[in-house]
Amino acid sequence: MTAQKIYALHENPEWFPPFARAFEQEGLEFEEWLLTDGVLDLDSTPPEGIFWSRISASAHTRDHGLSKDYTRAVLSWLEAHRRRTINGRRILELEMSKIDQLTALKAAGIDTPRTVAAIGRDRILEAAKDFPTPFITKHNQGGKGLGVRKFESHDDLAEYVASDEFEEPQDGITLVQEYIQAAEPVITRVEIVGGEFIYAIQADTARGGFQLCPADACAIDPTTGKPIMPPGATIEPEADQQLFSLRRDFDHPIIEKYVEFARRNNIEVCGIEFMETADGRILTYDVNTNTNYNAAVEAEAPRSAPGALAKYLAGAAAQV
């Protein structure tokens with residue numbers, strides 16, 4: 001029996017080369033479906049194959065504002081025809097909503113930062129009224145640190161919300177969240193593929209701020225060709241300076257919790273981020289279902305994450 005073709009559903013070609021190389025090394029037949037705009041015939045039948053979705057919540061920042069809803073339509077069509085999807089229709093909703101992520105994490109007994117959602121710009125001050133300062137805001141449909149701002153006072157927030165600088169969230173929902181005082185200026189992302197812990201990475205928040213995309217394409221401003229100074233950074237990054245490193249010998253009970261969380265929610269590929277706080281807590285704040293992998297980390301990791309993904313997809317293709 002011939003293995004099924006892999007179809008990769010995505011919207012950003014700059015992020016795809018490491019996966020293409022891994023698929024080629026594994027000998028997989030694959031095809032990219034670029035879901036930025038198009039035509040979908042609902043009376044047609046999808047091809048046979050394995051369909052892996054890696055659509056990002058930040059697609060609209062690349063002028064791909066249609067990708068989210070286009071992917072919803074495509075995944076609904078595929079699953080109605082009982083095609084095997086990896087990170088399918090339900091997982092797309094998890095990617096698009098931090099509320100969805102945080103409520104699912106809390107339901108699994110995983111500690112998260114205190115968060116209040118404001119539906120509409122005029123409810124943000126009400127949502128923030130009981131928060132001690134400082135606190136942060138962020139967009140519910142996030143990625144790339146969208147809408148993340150730190151406020152030292154409620155007056156500062158009121159001034160921002162009333163100003164022309166206010167950044168309207170894509171879905172109209174702003175989250176107000178406790179500001180986490182980290183023990184060290186780093187976050188950790190745990191990478192999981194097919195129910196297996198692959199490795200953990202550390203990201204430098206002093207230089208990376210709130211925008212911690214590990215893909216090489218995220219590090220450079222395409223207009224200036226210089227390193228991006230992300231919001232929330234306190235030290236300006238330098239050219240060729242790595243913000244990401246392998247967290248060697250990471251062995252913590254949180255790994256088992258994350259693997260079980262992914263299994264229960266049918267998330268087959270993800271990177272889950274947490275911060276260790278100055279007061280001794282571990283707070284989980286983000287679930288990335290379109291996780292990217294950093295080349296420098298890959299070079300020193302004991303196993304390749306794109307390689308593990310290629311093997312997992314090959315196994316799924318052989319079972320169909």
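Excluding VAL190 itself, what net charge comes from residues whose Cβ is under 12 Å from its Cβ, given Lys and Arg +1 and Asp and Glu -1? Spelling it out: positives minus negatives among the neighbours equals -3. Each of THR115, THR103, THR289 has some number of other Cβ atoms within 10 Å of its Cβ, and from fewest to most they run THR103, THR115, THR289. Helical content alone sets the calculated 222 nm signal of the chain at -8500 deg cm²/dmol, taking -39,500 (n - 2.57) per DSSP H segment of four or more residues and averaging over every residue.
What shape does the range 266-307 take by its C-alpha gyration tensor, where a ≥ b ≥ c are the square roots of the eigenvalues and a/c under 1.5 counts as rounded, a/b above b/c as prolate, and the rest as oblate? Write down the numbers at each step before the final one.
On the way: a/c = 3.00, a/b = 1.52, b/c = 1.98.
Here the range 266-307 falls in the oblate category.
Under 20 °C and 1.002 mPa s, how fast does the range 1-67 diffuse according to Stokes-Einstein, given a Kirkwood radius computed over C-alpha pairs? Answer in µm²/s, whole number.
Working: Rh = 13.3 Å.
Value of D from the Cα-based Kirkwood radius: 161 µm²/s.
Taking every C-alpha pair closer than 8 Å and separated by at least 6 residues, the mean separation divided by the residue count of the chain gives a relative contact order of 20 percent.
Can you give the net charge of the other residues whose Cβ lies under 15 Å from the Cβ of SER97, counting K and R as +1 and D and E as -1?
On the way: positive: LYS68, ARG72, ARG89, ARG90, LYS98, LYS106, LYS138; negative: ASP69, GLU93, GLU95, ASP100, ASP171, ASP286.
So the surrounding residues net to +1.
Within the chain, antiparallel bridges make up roughly 75 percent of the DSSP beta bridges whose residues both belong there.
Work out the charge dipole of the chain with +1 on the Cβ of Lys and Arg and -1 on the Cβ of Asp and Glu about the Cα centre, then indicate which of PHE30, TYR293, GLY109 is farthest towards its positive end. Ranked along the dipole, the leading option is GLY109.
With a cut-off of 8 Å between alpha carbons and a minimum separation of six or more residues, what is the relative contact order of the range 115-178 in percent? The partial results should precede the final answer.
Details: 104 pairs, mean separation 33.1, N = 64.
For the range 115-178, the relative contact order is 52 percent.
Exposure proxy for ARG114, ARG89: other Cβ atoms within 10 Å of each Cβ, ordered fewest to most, give ARG114, ARG89.
Give me the one-decimal Kirkwood hydrodynamic radius in Å for the chain, with the sum taken over alpha-carbon pairs.
Details: mean 1/r = 0.0487 Å⁻¹.
Kirkwood radius, the chain: 20.5 Å.
Can you put PHE197, PHE30, PHE51 in order, fewest other beta carbons within 10 Å first? The partial results should precede the final answer.
Numbers: PHE197 16, PHE30 20, PHE51 23.
Lowest count first: PHE197, PHE30, PHE51.
Please say if the range 115-178 is rounded, prolate or oblate, where rounded means a/c under 1.5 for a ≥ b ≥ c the square roots of the C-alpha gyration tensor eigenvalues, and otherwise the choice is prolate for a/b larger than b/c and oblate otherwise? Intermediate values should be presented prior to the final figure.
Details: a/c = 1.40, a/b = 1.27, b/c = 1.10.
Cα axes put the range 115-178 in the rounded bin.
Each reported figure results from applying straightforward, stated rules to the coordinates on display, with no laboratory input. Nothing here was measured: the structure is a model prediction, and the numbers come from that model. Ideal geometry is used to build each Cβ from the backbone, glycine not excepted, and the neighbour counts take in all protein chains shown.
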